[in-house]
Amino acid sequence: MAMSAKRADNLNNSPLVAKYIQPWTCRDGRQVMLRPIHPEDRLIEKELIEHLSIESSRFRFFDRIREATPEMLNQFCNIDYVHQIAIIAEYKSDTEKRNVGVGRLIIEPDTESGEFAVVVADDFQNNGLGTKLMNTLIDIGREKGLKNIYGIVLKDNWKMLILAKKLGFTIEASSYQEVKVVREL
């Protein structure tokens, strides 16, 4: 659900999304700011997507994404925060500002379940950030009164499957190449 940048700016400053802003420290000591995505994050979202390794891109998008299109960036950055929320991990160093991870939850029309997706920049993987983003999505799902959240995962994405099991998700057959992971809330 897209919205105008002005409407999104108003929401970003409201308690509706401000409660999701929090600093967090990766296992290696790097600091990130977890916060809802903004329409003006298009450039750092584009950079995250286009700099993923082939494997990370395939695990997140089920294909290699070489170029993030304007339509894709609109879909990912202009959200309504009611039916969908995306929490990014913003990393700032002396020389750069990057989006190094995104956890996204899309609430189904029945409002009882939501589909999640998570991606972490390759150089930030294995530092607990994926777990933190997943736990944040679980908390948001509970807060929104969902009965469960789920994700579709490639069968060879063993990192996500291990994480899902660790966080209490059950694994259901989906297709030859995919499984569905479900967490009751």
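Among the residues of the range 141-160, those identified as in a helix (DSSP H, G or I) and out of contact with any strand residue (DSSP E or B) (no Cβ under 6 Å at 6 or more places or on another chain) are Arg142, Glu143, Trp158, Lys159. Can Ile107 be described as buried (at least 19 other Cβ atoms within 10 Å of the Cβ) and within 23 Å of Leu185 (Cβ to Cβ)? So Ile107 passes the test. Among residues of the range 120-135 that are over 17 Å from Gln22 (Cβ atoms), those with a beta-carbon under 6 Å from a residue that is surrounded by fewer than 16 Cβ atoms within 10 Å (Cβ to Cβ) at least six positions away or on a different chain give the pairs Asp122/Ser53. Scanning the range 135-151 for residues being of a type in the set (S, T, N, Q) and under 13 Å from the mean Cα position of the chain (by Cα) gives a total of 2. Apart from one condition, Met33 fits all of (1) within 20 Å of Leu105 (Cβ to Cβ); (2) of a type outside the set (S, T, N, Q); (3) assigned to a loop (DSSP other than H, G, I, E, B); (4) at pLDDT 95 or above; the exception is (3). Note on the range 11-30: among residues that are more than 25 Å from Asp94 (Cβ to Cβ) and surrounded by fewer than 13 Cβ atoms within 10 Å (Cβ to Cβ), the one that is modelled with the highest pLDDT is Lys19.
Out of Phe59, Phe124, report the one residue that is modelled with pLDDT of 95 or more and touching a strand residue (DSSP E or B) at 6+ places or on another chain (Cβ under 7 Å).
Among Phe59, Phe124, only Phe124 is modelled with pLDDT of 95 or more and touching a strand residue (DSSP E or B) at 6+ places or on another chain (Cβ under 7 Å).
As a summary of the residue check, Asn78 satisfies the conditions (1) surrounded by 15 or more Cβ atoms within 10 Å (Cβ to Cβ); (2) at pLDDT below 95; (3) in contact with a strand residue (DSSP E or B) (Cβ under 8 Å, 6 or more places away or on another chain) except for the one numbered (3). Residue selection: Thr25 satisfies the criterion of being among the hydroxyl-bearing types (Ser, Thr, Tyr) and within 25 Å of Ile140 (Cα to Cα). Of all residues in the range 128-150, those that are within 19 Å of Tyr81 (Cα to Cα) and surrounded by 15 or more Cβ atoms within 10 Å (Cβ to Cβ) total 12. Looking across the range 80-89, the residues that are hydrophobic (A, V, I, L, M, F, W, C) and under 22 Å from Pro23 (Cα atoms) come down to Ile85, Ala86, Ile87, Ile88, Ala89.
Search the range 91-104 for residues being surrounded by fewer than 19 Cβ atoms within 10 Å (Cβ to Cβ) and either at pLDDT 90 or above or not β-branched (Val, Ile, Thr) (or both), and hand back the single one that is farthest from Leu163 (Cα to Cα).
Kept after step one, since they are surrounded by fewer than 19 Cβ atoms within 10 Å (Cβ to Cβ), are these residues of the range 91-104: 92-97.
Narrowing the set further to residues that are either at pLDDT 90 or above or not β-branched (Val, Ile, Thr) (or both) leaves 92-94, 96-97.
Numbers: Lys92: 26, Ser93: 28, Asp94: 32, Glu96: 29, Lys97: 27 Å.
Across the range 91-104, the extreme among qualifying residues is Asp94.
The values are calculated or read from the model by the stated rules, or taken from the named source; none is laboratory data. Nothing here was measured: the structure is a model prediction, and the numbers come from that model. Don't worry about glycine lacking a Cβ; one is built from the backbone with ideal geometry, like all the others, and counts go over all protein chains shown.
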